[in-house]
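Following: one structure in structure tokens, then a few remarks.
The values are calculated or read from the model by the stated rules, or taken from the named source; none is laboratory data. Quick caveat, the model's predicted, so the values are computed rather than measured. When we count neighbours, we look across all protein chains shown, and the Cβ atoms used for this are built from the backbone with ideal geometry, even at glycine. These area figures cover heavy atoms from the full protein model, side chains too; ligands, DNA and RNA do not enter into them. Shrake-Rupley method; radii C 1.70, N 1.55, O 1.52, S 1.80 Å.
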Amino acid sequence: MDRKKFLVIPAGGSGVRMGADVPKQFLLLDGKPILRLTIERFLEAEPDVHVVTVLPEAHMGWWRQYCAKEGFTCPQKMVAGGFTRFHSVKNALQHVPDGALVAVHDSVRPLVSVEKIRELFAAAENAPAVIPATPSTDTLKTVARNQDGTPEVTGSVDRSTVWGVQTPQIFHSEVLKKAYERGYDTSFTDDASVVSAAGIPVICVEGERTNIKITTPEDLALAQAILSLK
Ligand code: C5P
């Protein structure tokens, strides 16, 4: 089946961990806002993709002006963000039809490769939910705060069963929209967790270690270094 391709970019966060005045998705990397670099990766991979960008209400005007001034003319539906990432994606899904493939990709992961985007879309033709994931190389522990408030190890985890999950996560749109009909749960930190809660199998494709999520000032420096390698 030839499904149309949609991209939902949740960029509705305020990015407090970065400590900057501007949300992290608007900080410059290689002279462009991170959000623009992220969308450009998808346009390069899939030129006909339909883009739905979720923005903080307070920054919608700024983004509109930036796109006009800098000639970033890709057609995009702009949607106001919600209280959490879950609510932001849910708002965006109102603008995605059934029968499509929808990729949901964090605005702050501009380094995903064009090849990986294409590989994930191709895999999603035959599976309702496909995500990029990488096996853990770190030793993993469970940790809880003790009586003094100090983090203390409470156990070990078999790392062969724990993979780190990235985006873009790609779904049959009618499956994702149905899963998002349920109420919010704090465990819903990505879209696969919403789909899993609805009992849908989620398939993993090997992720990329360079597809980092820019969250802290150190990540921004790391992203610049990765870009200069290419
Ligand atoms: O905060 P976190 O790192 O999980 O954010 C992941 C992505 O979700 C970011 O692109 C951020 O802008 C987005 N987000 C959103 N709406 C929120 C919170 C986060 O679109 N309310």
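Here are a few things to note about the model shown:
- For region 85-98, a tally of residues being open to solvent by 30 Å² or more (accessible area, probe 1.4 Å) and within 12 Å of the ligand (Cβ to nearest atom) returns 4.
- Test: residue in region 56-65 that is away from the ligand (no atom under 16 Å from the Cβ), at pLDDT below 95 and either open to solvent by 80 Å² or more (accessible area, probe 1.4 Å) or aromatic (Phe, Trp, Tyr) (or both): no
- Residue 5 within 23 Å of residue 175 (Cα to Cα) and among the basic types (Lys, Arg): yes
- Across region 181-195, the number of residues qualifying as open to solvent by 50 Å² or more (accessible area, probe 1.4 Å), among the polar types (S, T, N, Q) and without any contact (Cβ under 8 Å) to a residue 60 or more places away in the chain comes to 2.
- Here residue 43 passes the criteria (1) within 25 Å of residue 221 (Cα to Cα); (2) within 16 Å of the ligand (Cβ to nearest atom); (3) among the hydrophobic types (A, V, I, L, M, F, W, C) except the one numbered (2).
- Whichever residue in region 99-120 is small (Gly, Ala, Ser) and surrounded by 23 or more Cβ atoms within 10 Å (Cβ to Cβ) and, among such residues, is nearest to the ligand (Cβ to nearest atom): 107
- Per the conditions (1) modelled with pLDDT of 95 or more; (2) within 16 Å of the chain's Cα centre (by Cα), the sole criterion not satisfied by residue 215 is (1).
- In region 90-117, the residues that are in contact (Cβ under 8 Å) with a residue 40 or more places away in the chain form Cβ pairs under 6 Å with partners that are of a type in the set (Lys, Arg) and in a strand (DSSP E or B), at six or more places apart or across chains, as follows: 95/77; 101/5.
- Residues satisfying the stated conditions in region 39-76, i.e. farther than 15 Å from residue 102 by Cα and under 20 Å from the mean Cα position of the chain (by Cα): 40, 41, 44, 55, 56, 57, 59, 60, 63, 74, 75
- Among (1) within 14 Å of the ligand (Cβ to nearest atom); (2) in contact with a strand residue (DSSP E or B) (Cβ under 7 Å, 6 or more places away or on another chain); (3) hydrophobic (A, V, I, L, M, F, W, C); (4) closer than 26 Å to residue 193 by Cα, the one test that residue 6 misses: (1)
- Condition check for residue 171: open to solvent by less than 30 Å² (accessible area, probe 1.4 Å), assigned to a strand (DSSP E or B) and either within 16 Å of the ligand (Cβ to nearest atom) or not basic (Lys, Arg) (or both): yes
- Every residue from region 198-225 that is out of contact with any helix residue (DSSP H, G or I) (no Cβ under 7 Å at 6 or more places or on another chain) and part of a helix (DSSP H, G or I): 218, 219, 220, 221, 222, 223, 224, 225
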